[in-house]
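Just below is one structure, and these are the notes that go with it.
The values are calculated or read from the model by the stated rules, or taken from the named source; none is laboratory data. Everything numeric in this text was worked out from a predicted model, so none of it was measured. All Cβ positions, even for glycine, are placed from backbone atoms using ideal geometry, and neighbour counts span all protein chains on display.
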C-alpha cells in the first residue's frame, strides 16, 4: 500500500522534473546550442529518507533530512578514494564534515604555522562538532573540489575537548547516534565556515579553530593560522565551474511520506539546467545570512533564514501563535487540526513574496517511524524564523554564495 | 589620582567574585560576565526590570535581566557565535546540560533547541554566523513580565 503510493508519487515528480527541464532549456535564449562542449555533470541525486541511524542499534529514523553521498580522495590520488553515503545536505552551514567512524581513508592533517595540528570546534545550533581539519579532494556529480579543507569529526587522536568548546553548552555531536548522519555537506551562502572572526587575535576570536600540540589546544589566530583559505571551505566555491551556488529541487509533500527523491544542482545560470527562470531573488544580509520575514504582524527583521539542515518551520511561541505544543515533545507544535498559515519574506533588495505553509500535528505526523518526509512539522523558536526542509518541498530553492556573480546579481541570496 | 587607582583595585578585589554565576545571581555576576567576555556594559532601567547589555568583541551581544529584587531572572543573546553558556547559566548549567543530553539522545533531527523544565527554560536558535538564545527561570519573572517579550 505504502509502496504503491510512493511509486505514484515518484512518477509524478519525475514528470514534473522533466517538464521543468524542458521549460528551462526553452527559456535560455539564442538557439544555436549544438556546438557547446559537453557540460560538466552538475546534478546530484538527493533523497529525504530515514538516514543511516534508522536501523539497529540506533533506531533513530531521521525526520526531514535530505541525504546524499560524496566521494573523498587523498589529495592528488584517483585511486585512494572512498564514497560515503548518508551525508546530510545543509544550506545552513558551509563545509564538508565527515564522521571519523565513517572514514576509512587517512587524509593529510592541516597544521598551523607553529607546526601543530589544527582542530575545530564548530558550532551548530543544537550541538558542536569537534575534530581535526584535514584535506581531501571531494567529488560530487561531475564536480570536484581539490585540496578542500574539511572537518573530520570525533577523531580518537584529539579526544580531549577544550573547555572553551564545551562551554558553548551544546552537546558534542561526535558519533553516528548524535549526528544522525555520516557527515554534513554544508553548501550555504558563506564561502567558508568562520570568516574573518577566526583570523582575529585576543578576545575577538570566537574560539572555533585550535592549534593542538600534544600539550593541549590553544585558540588559533591569523598569526598562528587560521587564515580564511585554511578554514573549512564551502566545497562549491572550489569547483572549477558551477561554483556560484546551488539549487535544491524536491517534490511537494502532503502530510507524511516514506521518502522523496530530488536533485542538488550546482551552479546558477551556468548551464541549461540551472537558469534562474521566473524565480524571485531575495538578497540576504552578508554578515548574518538572514533576510526578513513578517508573520502575523510580527517582523523578524534580518532574523529569518532558509535552512535545509533544520527539519521544520520554527517560529514564535505557543502563547503568541495560539498553537499548542505537543505534550511529550514541547519543541514541536501540535494543533488539533492542520493550520494553513502565510508569511511574507523580504530580501535586502526589497523583493517581497508571500509564502503559504502548513503546520500540522507533530504527534500525528511523526507517528509512523517509516515516514521520513514530513510536511507541516513545526515548533517554537526564540528570536528567529527558521524555514527548514519542508520549505523546500515543491519549490526549487537557489542559494547563491557570497561574492559570487550570477545572472541574478551577486550572492549572497536566496531565490525561489 | 594615584589614590583613586588604588581605590578601584581595592573594590575589585573586595567583590565576592562569583566563580560563575549569572542566572539567579545578582549584579556582581553581571560584572563577572562582562569581565570574562571582555565586553562593554550598557544598562537600561525600566519599570519592571533593569537590562544590562554586554557587547563582546566577538560580536555577541548578551542581555541580562535583573528583577527589582536584584536577581538575574533571564539572559538573552544574539550574535555570530554562541556565548559561554557555562558562565551565563551559572549554577543552572548542570541542570541544563543534563536536560539537553537527554533530549538530544531521543531526537532524530536537527533544529533549534528548546529545553522546558519546571524551573528552567532554554531556547537556542539560528545557524552558522547567526545565533540567538534565551534562558530564564519562570518562577523568577517579575509580575507582569512575559518571557516572550524579552528579546
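Yes/no per residue for (1) facing another protein chain (nearest Cβ under 9 Å); (2) in a strand (DSSP E or B); (3) at pLDDT below 95:
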residue	(1), (2), (3)
A:136	no, yes, no
A:139	no, yes, no
A:160	no, no, yes
A:181	yes, no, no
A:207	yes, no, yes
A:215	no, no, yes
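Scanning region B:21-50 for residues that are farther than 23 Å from residue B:96 by Cα, without any contact (Cβ under 8 Å) to a residue 60 or more places away in the chain and touching a strand residue (DSSP E or B) at 6+ places or on another chain (Cβ under 7 Å) yields B:39, B:40, B:41, B:42, B:43, B:44, B:50. Take the conditions touching a residue at least 12 places away in the same chain (Cβ under 8 Å), over 18 Å from the mean Cα position of the chain (by Cα) and within 27 Å of residue A:394 (Cβ to Cβ) and apply them to residue A:75. Does it pass? No, not satisfied.
Of the candidates A:147, A:201, the single residue that is assigned by TED's automatic domain parsing to the domain that holds residue A:55 and in contact with a strand residue (DSSP E or B) (Cβ under 7 Å, 6 or more places away or on another chain) is A:147. For the condition modelled with pLDDT under 95, over 14 Å from residue A:72 (Cβ atoms), in contact with a helix residue (DSSP H, G or I) (Cβ under 9 Å, 6 or more places away or on another chain) and within 14 Å of chain B (Cβ to nearest Cβ), residue A:167 qualifies.
Residue count for region B:22-48 under the criterion of being more than 14 Å from chain A (Cβ to nearest Cβ) and either at positive phi or modelled with pLDDT under 50 (or both): the result is 1. Taking region A:183-205 as the range and being buried (at least 24 other Cβ atoms within 10 Å of the Cβ), within 27 Å of residue A:101 (Cβ to Cβ) and more than 8 Å from every other protein chain (Cβ to nearest Cβ) as the test, the residues that pass are A:183, A:184, A:185, A:187, A:194, A:198.
Can we say residue A:367 is outside any loop (DSSP other than H, G, I, E, B) and surrounded by fewer than 22 Cβ atoms within 10 Å (Cβ to Cβ)? Criteria not met by residue A:367. For the residues A:292, A:280, A:270, the requirement of being buried (at least 19 other Cβ atoms within 10 Å of the Cβ), more than 14 Å from chain B (Cβ to nearest Cβ), over 18 Å from the mean Cα position of the chain (by Cα) and more than 23 Å from residue A:62 (Cβ to Cβ) singles out A:270.
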